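To keep things clear, I will list the structure first and then write my remarks on it.
The values are calculated or read from the model by the stated rules, or taken from the named source; none is laboratory data. A quick note: this is a predicted structure, and the numbers were derived from the prediction, not measured. Positions of Cβ are generated from backbone atoms using ideal geometry, with glycine treated the same way; all protein chains shown enter the neighbour counts. To get the accessible areas, we keep the full protein, side chains included, count just its heavy atoms, and leave off ligands, DNA and RNA. Shrake-Rupley method; radii C 1.70, N 1.55, O 1.52, S 1.80 Å.
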Amino acid sequence: MNRLHLRLSVAATLAALLIGPALAGRREVREKFSGGTFYLQHNLFYDGDSAAWENFILTPDFVPIGTKMTVRRVGREEVALAVEGRDEKLYLQIEDCAPDLETVLDRILGNEPPSLDGFGDVDLKGIRSGRILEGMSRQAVFRAVGYPPYRHAAHDVGNPDLEADELTWMKGVLDRIIIKFDDGKVASIDD
């Protein structure tokens, strides 16, 4: 076998080892979600017919927490959602989602409506308005505006630890907001 064939063989083997599991994982996610009916686990912000896995919170419109949704299709770059009570579909952009597609979809869609029991007045006000308010609990913030992106390399945002004292959300493609927590409550909002 000449060197070129050996290099091509090694490259093909490496590609199969690296890409194969990702494709298998995508297939499993499709099987888990496609055609299923779920409930939003947090408010989902959208613009027109498009929402992003980062849940850009600058857009004024959101589908409220607990809304029933049917996953029509899990594609390579988007998930087509039918929203109960709306005629048009909503397309969730999933390109480059992190840490992985299944984790992102599990955070957004659940088999049961989320409970709001145990949340205080400030928490409920923030959840219902889709805003982060000082004094809100960490879990209430997650319900109000979703989870912060695990990473967003293009904008130097990383939130691998959801229990960190400081978390960063994306307001839009180029804008972010930093939330500082003290004892599990929002202490400051750096907008």
Most to least accessible of Leu90, Leu58 (protein chains only, probe 1.4 Å): Leu58, Leu90
Cα-based Kirkwood hydrodynamic radius, the range 48-128, one decimal, Å: 14.0
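Of all GluC sites (Glu not before Pro) in the range 123-191, which ones are in loop regions per DSSP and have a Cβ with at most 14 other Cβ atoms within 10 Å?
Numbers: sites: Glu134, Glu163, Glu166; in loops: Glu134, Glu163.
When the GluC sites (Glu not before Pro) of the range 123-191 are filtered for loop state and at most 14 Cβ neighbours within 10 Å, Glu134, Glu163 remain.
For a test of the definition: using alpha carbon positions, the gyration tensor, and the 1.5 limit on a/c, classify the range 88-191 as rounded, prolate or oblate.
Numbers: a/c = 1.70, a/b = 1.17, b/c = 1.46.
Verdict is oblate for the range 88-191.
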Two-site label geometry, Ser129 and Arg73: point separation in nm, points 7 Å out along Cα→Cβ: 3.9
Sites Asp49 and Asp183, calculated FRET efficiency, Cβ-Cβ separation with R0 45 Å, nearest 0.05: 0.65
Anchor Lys185: lysines whose Cα lies under 19 Å away (excluding residues fewer than 8 positions away in-chain): Lys125
Derived scalar couplings ³J(HN,Hα) [the range 68-75; Karplus, 6.51 cos²θ - 1.76 cosθ + 1.60; whole Hz; x for Gly, Pro]: 7, 9, 10, 7, 7, 6, 10, x
